Amino acid sequence: MIENTLYFGCRSGAKDEHYGAEWRQLSSQQNVSYRVARSRDGPEGVKRTYVQDLIREDAKSIWELISQGAWVYISGFVHCFLLHFIKRKETDLSVIQVGE
């Protein structure tokens, strides 16, 4: 079974992680993975984690999932750049075209 993935980014889990409990419950019961980056929840002085950091970490598995027909949902505007990055990294292409 193909695992679809949602990447969600927010500043604070307590304030901004809309529907977080529902997404976690769904991910434990269904074929969906929920990856969240809470950029302001870490201790002071520790590098912040953003959605693009998680996607860069998961680039290989994201490309494999997409190649198998999975859906990868990314909250925020940065998704276009990151899909170009993943495709370039995983296929070693110089010209990239990402469809809708």
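Scanning region 45-58 for residues that are more than 17 Å from residue 10 (Cα to Cα) and more than 9 Å from the chain's Cα centre (by Cα) yields 45, 57. Between 86, 66, 74, the distinction of being modelled with pLDDT under 85, touching a helix residue (DSSP H, G or I) at 6+ places or on another chain (Cβ under 7 Å), hydrophobic (A, V, I, L, M, F, W, C) and within 13 Å of residue 4 (Cα to Cα) belongs to 74 only.
The values are calculated or read from the model by the stated rules, or taken from the named source; none is laboratory data. Keep in mind the model is a prediction, meaning the values are calculated, not measured. Here the Cβ is made from the backbone with ideal geometry for all residues, glycine too, and neighbour counts use every protein chain on show.
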